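Everything below concerns the one structure shown next.
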Amino acid sequence: MYEKHRREYTIVGSTKLCGSIVGDLVCDFFGGQLSEIISLVQNKIYFHFQVVGEREAMARCLVERIKNGQVNLEKEYDNFYGQVKIYESFVESQIGNFREGAIVELFKYYDQLMPVALASIDLADVVEGLNIELKNHILDWCKKTRVIEESIYKIGEMKFVPAYLSWLSKTYLPEYTAEDLQYLIYFELENYLKNGSSLPRVDELRERAKLLFVRQHPVWKTDFCTGANAEKEILTRNLLGSPSDGLSEIKQITGKMAFAGKVTGRVRLIRSTLDMKDFQDGEIIVSPMTMPSYISIMKRAVAFVTNEGGILCHAAIVARELCKPCIIGAKIATHVLKDGDLVEVDADNGTITKF
């Protein structure tokens, strides 16, 4: 069984990130490994899938390494902080002044930063049962490390990659649009830049925008297909199976409180930045998971509800900063609720009630 996550990523960036997650550096750091990560594009909408429970199991392996003195969190934080500052400086030096191989250098930073970045997201959700001193130590570490971790996505996937692909298209590959190049697998672009290898044809990349299946598994192994073959892989794994009938009849769903409070308001489903234009002041954001790019509407919302997330996810952090009710991990919220539904978000009790 797979966990399904909708994201705003390019394939060229996400396949590098996912490759890093199933790579040897993450495995060595955590003492465990994911069996696979699947990326999927359907009509230009990106999803990724991972086996239920594997991320949690990896995080628990890391906790054991911390308890045994094999990982010093403060030392890892200091190293990570320094690496992220170098990464940020690199990105700033390249914007508007790209070198042809700059994205390969960016990908190297992804590899280096991913172990601690992933730990800052996942560790906070496996601290129950630890002694209070260790629990607080890990939570404090996650909070300060997560703040730094967020810049990796913000300036890498949101800023650097789109700007670089636009520059590459205009400078060297005018037959491709920047959007076409987003559907390259990372190693296709690396091989072109390093070895002069041919890129897939424009029509092939545009087919990927319609339907693309990518499976990445240890270590640095990538399989992908489009069209009928992709459909077969998707059906075999039931990756895009529709929610079961009857969800629309559900009147109350539950999740975890990320910030307390109770409000009543209208639902606005935000699945990507494209939905932000329809947002109205005072609505309740319901999303698979909020992203840094949503911050402008989050300031104008009265509450947040997400399908996914742990206590240090983006929605939870922003909710605490803005002091707005927030429920995370509601799983089926975007399937049960529709735009305009009148709901009560009772974050004190972790319930969303539809009137």
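Rule-based calculations on the coordinates, nothing more; no lab input. Note that the structure is predicted; figures quoted are calculated from it, not measured. Cβ placement follows ideal geometry from the backbone for every residue including glycine, while neighbour counts extend to all protein chains displayed.
A few notes on this one:
- Per-residue Cβ neighbour counts within 10 Å put Glu175, Glu283 in the sequence Glu175, Glu283, beginning with the fewest.
- Taking every C-alpha pair closer than 8 Å and separated by at least 6 residues, the mean separation divided by the residue count of region 1-104 gives a relative contact order of 25 percent.
- Entries in Lys4/Lys251; Lys210/Lys299; Lys85/Lys331; Lys85/Lys210 that, when Cα-Cα distance is taken, lie over 31 Å: Lys210/Lys299; Lys85/Lys331; Lys85/Lys210
- Top of Thr334, Thr171, Thr226 by mean-square fluctuation, Gaussian network on the chain, Cα under 10 Å: Thr171
- The slack in the chain from Glu3 to Ser35, taken as 0.36 nm per residue of separation less the alpha-carbon distance, amounts to 10.2 nm.
- Among Gly101, Gly309, Gly329: highest mean-square fluctuation, GNM of the chain, C-alpha pairs under 10 Å: Gly101
- Zone residues, region 111-142, relative to Arg60, backbone N less than 12 Å from point 7 Å out along Cα-to-Cβ: 126-129
- In this simple spin-label approximation, Thr171 and Val51 carry label points 7 Å from Cα along the Cα→Cβ vector, and these lie 4.2 nm apart.
- Residues in region 37-58 reached by a label modelled at Val219 [backbone nitrogen below 19 Å; 7 Å Cα→Cβ]: 37, 58
- Top of Arg271, Arg237, Arg208 by mean-square fluctuation, Gaussian network on the chain, Cα under 10 Å: Arg237
- Rg and Dmax, both from the Cα atoms of region 247-354 and both in Å, are 11.7, 34.
- Relative exposure of Tyr81, Tyr9, Tyr164, judged by other C-beta atoms within 10 Å (fewest first): Tyr81, Tyr9, Tyr164
- FRET E, pair Asn68, Glu321, Förster distance 35 Å, beta-carbon r, rounded to 0.05: 0.50
- With neighbour counts taken as other beta-carbon atoms within 10 Å, the residues Tyr294, Tyr110 rank, fewest first, as Tyr110, Tyr294.
- Helix-derived mean residue ellipticity, 222 nm - over the chain, DSSP H n ≥ 4, -39500 (n - 2.57), to 500: -14000 deg cm²/dmol
- Under the span-like rule (Cα at least 18 Å along the axis, Kyte-Doolittle mean at least 0.0), DSSP H helices of the chain: 102-122
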